[in-house]
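First the structure, then my questions, so here it is.
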Amino acid sequence: MSMQSSLDPQSVTDAKAGQVTVPMWLVVLLAVLGYWGMVYFDHHGGWFDARVYAPFASVSVVNELQPVSGAEAFVNRGRAVYETTCALCHGSDGQGKPGQAPPLAGSDFVLGPSGRLIRIPLHGLTGPIEVRGQVWNLAMPAMGAALSPEDLAAALTYIRQAWGNNAGPISAAEVEAVKAATAGRTLPWTAAELKSIQ
Amino acid sequence: MSRGSWIFILSLLGMIGSWFGTVLYPQIQLGRMVETRTVPDGQVYPVARPGLAAQGREVYRSQGCYTCHSQQVRQEGVSVGLAITKVGTNQTALVEAILRIAPQWRRDQVTAGLERLPFQVMDGVAAAEAERARRPLEAAGATTMVTVRPVGADLARGWGLRRSVAADFLWDHPVMLGSQRVGPDLAGVGSRLPDENWLLVHLWDPQIHTPGSMMPPYRYLFEVRPAAEVASQDALLLPEGKGPGPGKVVVPRPEARALVAYLRSLEAKAPLFETPVILPAGLSGTSALSVHAAVERP
């Protein structure tokens, strides 16, 4: 019987563990499977980000589909900052409030050189000023001093483009530059001082 | 080292690796999840279910509704498009501009579309194309909006506006996702069937609104009482001829009311960062949404 012959001591000593080379097709198959796995992960893994679900592949894809992006998002952020820090006095419609604050819509301070506008919220403004042909003599505190340069830039960009205003955007870098140039100043600005800034 | 210990160590590493990826890391991410905010309104989401609906969740659980209903809407992609929300002053120029960027329209279709705003000018295009098409239309005075509409078989059935995400289930313990769809998915049933009486009637006798339904009646969540004893607003409004007989009315027990409150709280349509949806007011997610509701509502 074959059972017996395999137990035959002679044939057991003859048995050797041979070296069989891995067949080439298996190596290729494993490589293809590995590659497919990585591609699949790339498309479906979302790099383990909890905000990425199928059918989206990555955060950047989700980001592109968000309601607003780019310049629009910046202005929207600006609107939010304006509503929380400035609108109380200047009004959500930018028309100001009699006896409290002058209008921002159509104001030369807002539409003029960015250096002037940035200085106003950074340190405040006091004394007589003229806005849209009307003289105001009040004092504005340094409302923007505590804001981040990005937030202040966004708010100023918003007031330069809302309510029919049509002036260029203000970047965070410009705000930072003015902050650096006026470091150490504690007094509010006056209209005469601002006039000398271009 | 012998081959056996290598095999042991490598398979152990393999198992630790997959355990890390499929159990530990998701637990770290989702286990510590807190409320998020909707985009772009910034409302806190989700808010805890009101008391009655929270009780209803326990009824849903104890009745085993999840054995036949899932609560998990899937999505296959998004369709980006462009819609006009305001015409502006120069309608003639706008019509010309639309015909130039979207030649598939006929002039009379465009004019009719502009009468009924918002008007979906294009759909199923690349985001860059929609963004490019925007400029000539805005130049013609229109206000436009790039739309992002989730699409997929579940959404076409009207089961929701977008896919379900982990945030939808933040306040649910346990999360009853379900695994079989003997009946329709319920993740958005509160948006699709907000009518309390409709849902109660469906629990009392599913055949009334959906003849041939596989769902068993849940009569024991109701009581049949003499009409004289019951205030009319507490009784179920049943269609003619389906009532329990003359002088009798069907009154939902508190469990039935709680269960329906829970069902009505299932909405899962808040726009979140992870499921972008941009549609102007007045454009529904999938046109099938309204069709489905019209078929199922009495």
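Any read-out appearing in this document is the output of simple, stated calculations on the displayed coordinates, not a laboratory observation. None of these values were measured; they are calculated from a predicted model. Heads up, the Cβs are rebuilt from the backbone with ideal geometry, glycines too, and the neighbour counts pull from every protein chain shown.
Taking the highest mean first, how do the peptides B:5-18, B:70-83 order by number of other beta carbon atoms within 10 angstrom per residue? Numbers along the way, then the final one.
Values: B:5-18: 10.1, B:70-83: 20.7.
Most protected by this proxy first, the peptides run B:70-83, B:5-18.
A further question follows. Taking other Cβ within 10 Å of each residue's Cβ, how do B:MET214, B:MET33, B:MET145 sort, fewest first?
Numbers: B:MET214 9, B:MET33 12, B:MET145 20.
Placing the least packed residue first, the sequence is B:MET214, B:MET33, B:MET145.
A further question on this structure: What Rg and what Dmax come out for the stretch A:71-195 when only alpha-carbon atoms are used, in angstroms?
According to the Cα coordinates of the stretch A:71-195, Rg and Dmax are 13.2, 35 Å.
Using the number of other C-beta atoms within 10 angstrom as an exposure proxy, rank B:TYR25, B:TYR220, B:TYR262 with the fewest first. Working shown, then result.
Values: B:TYR25 13, B:TYR220 10, B:TYR262 26.
Placing the least packed residue first, the sequence is B:TYR220, B:TYR25, B:TYR262.
Here's another thing I want to ask about it. Other chains near B:143-156: what is the mean number of their Cβ atoms within 10 Å of each residue's Cβ? Each step should come with its number before you reach the end.
On the way: counts 0, 0, 1, 4, 0, 4, 0, 2, 1, 1, 0, 0, 0, 0.
Mean partner-chain Cβ count within 10 Å for B:143-156: 1.
What is the extension gain from B:ARG107 to B:TYR25, computed as 0.36 nm multiplied by their sequence separation minus the C-alpha to C-alpha distance, in nm to one decimal? Don't jump to the answer; show the numbers that get you there.
Details: separation 82, 0.36 × 82 = 29.52 nm, distance 5.54 nm.
Taking B:ARG107 through B:TYR25 to full extension adds about 24.0 nm, to one decimal.
Mind listing the long-range amide H neighbours of B:LEU266? Cut-off is under 5 Å, sequence gap 5 or more, other chains count too, H placed in the peptide plane at 1.01 Å from N.
Long-range HN contacts for B:LEU266: B:GLY190.
Using the reciprocal of the averaged 1/r over all distinct C-alpha pairs, how large is the Kirkwood radius of the stretch A:22-66 in Å? Before the final figure, lay out each step's value.
Details: mean 1/r = 0.0831 Å⁻¹.
For the stretch A:22-66, the Kirkwood estimate is 12.0 Å.
Oh, and also: May I ask you to list the aspartates and glutamates whose Cα is less than 13 Å away from that of B:LYS269, ignoring any residue fewer than eight positions away on the same chain?
B:ASP168
Can you compute 3J(HN,Hα) from phi for each residue in the stretch B:234-244, using the Karplus curve 6.51 cos²θ - 1.76 cosθ + 1.60 with θ = phi - 60°, rounded to whole Hz and x for Gly and Pro?
Couplings: 7, 8, 6, 8, 9, x, 3, x, 9, x, x Hz.
Can you compute the helix-only [θ] at 222 nm over chain B? Use -39500 (n - 2.57) per DSSP H run of at least 4 residues, normalise by all residues, nearest 500 deg cm²/dmol. Kindly include the intermediate steps, with their values, before the conclusion.
Values: 12 runs with 112 residues, N = 298.
That comes out to -11000 deg cm²/dmol.
How many Cβ atoms of partner chains, on average, are near each residue of B:274-280 if near means within 10 Å of its Cβ? Walk me through the intermediate numbers first.
Details: counts 9, 5, 8, 2, 4, 0, 0.
Mean shielding by partner chains, rounded to a whole number: 4.
Another question, then. Roughly speaking, what is the centre-to-centre gap between the stretch B:156-185 and the stretch B:3-27 when only Cα atoms are used, to the nearest Å?
Centre-to-centre distance over Cα atoms comes out at 32 Å.
Right, here's the next one. Give me a comma-separated list of calculated 3J(HN,Hα) values for the stretch B:123-134, in order, Karplus coefficients 6.51, -1.76, 1.60 applied at θ = phi - 60°, integers in Hz, x for any Gly or Pro.
These are the phi-based 3J(HN,Hα) values: 8, x, 10, 6, 4, 5, 5, 4, 5, 6, 5, 5 Hz.
Can you sort A:VAL175, B:VAL165, A:VAL39 by how many other beta carbons sit within 10 Å, fewest first? Please list the in-between numbers first.
Working: A:VAL175 24, B:VAL165 21, A:VAL39 10.
So the residues, fewest neighbours to most, are A:VAL39, B:VAL165, A:VAL175.
Are there any helices in chain A, counted as whole DSSP H runs, that stretch 27 Å or more along their axis by Cα and score at least -0.5 on average by Kyte-Doolittle, and if so which?
On the way: long enough: A:24-44 (30 Å, 1.20).
Span-like helices here: A:24-44.
Here's something else I'd like to know. Can you give the translational diffusion coefficient of the stretch B:14-172 in µm²/s, computed by Stokes-Einstein from the Kirkwood radius over Cα pairs at 37 °C and 0.692 mPa s? Each step should come with its number before you reach the end.
On the way: Rh = 19.7 Å.
After rounding, the answer is 167 µm²/s.
Rounded if a/c is under 1.5, else prolate if a/b is larger than b/c, else oblate: which is the protein assembly as shown, with a ≥ b ≥ c the root eigenvalues of its Cα gyration tensor? Each step should come with its number before you reach the end.
Numbers: a/c = 2.11, a/b = 1.32, b/c = 1.59.
Oblate is the answer for the protein assembly as shown, as a/c is 1.5 or above yet b/c matches or exceeds a/b.
In terms of modelled amide H atoms, which long-range or inter-chain residues lie less than 5 Å from the amide H of B:GLU76?
So B:GLU76 has HN proximity to B:VAL151, B:GLY152, B:ALA153.
Just to check, using Stokes-Einstein with a Kirkwood Rh over alpha carbon pairs, what's the diffusion coefficient of chain B at 4 °C and 1.567 mPa s in µm²/s? Don't skip to the answer; put the middle values down first.
Values: Rh = 22.9 Å.
Rounded to a whole number, D works out at 57 µm²/s.
Amide H to amide H, which residues 5 or more places from A:LEU125 or on other chains are under 5 Å from it, using H placed in the peptide plane?
Those qualifying (amide H under 5 Å, at least 5 residues apart or on another chain) are A:MET140, A:TRP189.
For A:LYS195, list the aspartates and glutamates whose Cα falls under 14 Å from its own Cα; do not include residues on the same chain fewer than 8 positions away.
A:ASP108, A:GLU130
Please list 3J(HN,Hα) in residue order for the stretch B:150-165, calculated via the Karplus relation 6.51 cos²θ - 1.76 cosθ + 1.60 where θ = phi - 60°; whole Hz, with x for glycine and proline.
x, 10, x, 4, 4, 6, 5, 6, x, 7, x, 9, 7, 6, 7, 10
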